[in-house]
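Contents: one structure, followed by commentary.
The values are calculated or read from the model by the stated rules, or taken from the named source; none is laboratory data. Note that the structure is a prediction, hence the values are computed from the model and not measured. Note that each Cβ is placed from the backbone with ideal geometry, even for glycine, and that neighbours are counted across all protein chains shown. Just the protein is used for accessible areas: all its heavy atoms, side chains included, with ligands, DNA and RNA removed. Shrake-Rupley method; radii C 1.70, N 1.55, O 1.52, S 1.80 Å.
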Amino acid sequence: MAMPSAPVLDRTFAALADPTRRAILERLSDADRLTVSDLATPFAMSLPAVLKHVGVLTEAGLVAREKVGRVVYCRLETSPLRDALKWLALYDLLFSGRHQSVAVTAEPVVAKAAPAAKRAAPSRKQPPKGRGTEPRAKPAARKAAKAVPAAAKPRRSKAPAAASRRRTVKGARGGGRRR
């Protein structure tokens, strides 16, 4: 059995990952062809959003579009689904134990196991600091924080603010001079 290519399977399964796209395919399986407006009717989303979903399905090869005048018709293409079913059938044989020696032509992606010392070590990453990540203080703690004596609070210098606010006085000619 020839295995379908990895990019084709990737696009097919990525397109099938969204429930809206699966619902679109289900509606297309019931009819020969539907307009994009007919496809968008049951969904609580805009027509451009449905068009984006149809575009993903088209790129995956699951939907074929045909434009007649100003109307775009969509119909279901089954070949990528058949390829996905072939791939799933191979793994069904492997997992069910019915076939002991199944040759897989594609390399499976296997994550390397981390050494036991690294798995047991605590994470060094700190949670992101910023607004909204710290737990909110209780009302009594907030009142206590407000009651800090004035001597403990840092004082702000007023010199930079005063220097930046220079006023101009307009003379008879309209030119300004600084005070």
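So is residue 50 in a helix (DSSP H, G or I) and either free of Cβ contacts under 8 Å to residues at least 12 places away in the same chain or under 15 Å from residue 81 (Cα atoms) (or both) or not? When the stated conditions are applied, residue 50 does not pass them. If the condition is being of a type outside the set (D, E, K, R) and over 24 Å from the mean Cα position of the chain (by Cα), then the stretch 18-35 contributes 28, 29, 31, 34, 35. Filtered by the rule that a residue be of a type in the set (Asp, Glu) and more than 14 Å from residue 15 (Cβ to Cβ), the stretch 37-73 gives 38, 66. Condition check: open to solvent by less than 30 Å² (accessible area, probe 1.4 Å) and part of a helix (DSSP H, G or I). Does residue 56 satisfy that? Judged against the criteria, residue 56 is not a match.
Take residue 32 and decide whether it is open to solvent by 60 Å² or more (accessible area, probe 1.4 Å) and touching a residue at least 24 places away in the same chain (Cβ under 8 Å). When the stated conditions are applied, residue 32 passes them. Restricted to the stretch 1-24, and to residues there that are of a type in the set (S, T, N, Q) and part of a helix (DSSP H, G or I), the residue that is modelled with the lowest pLDDT is 12. When 39, 81, 85 are checked against the criterion of being out of contact with any helix residue (DSSP H, G or I) (no Cβ under 9 Å at 6 or more places or on another chain), at pLDDT below 95 and closer than 16 Å to residue 22 by Cα, 85 stands alone in meeting it.
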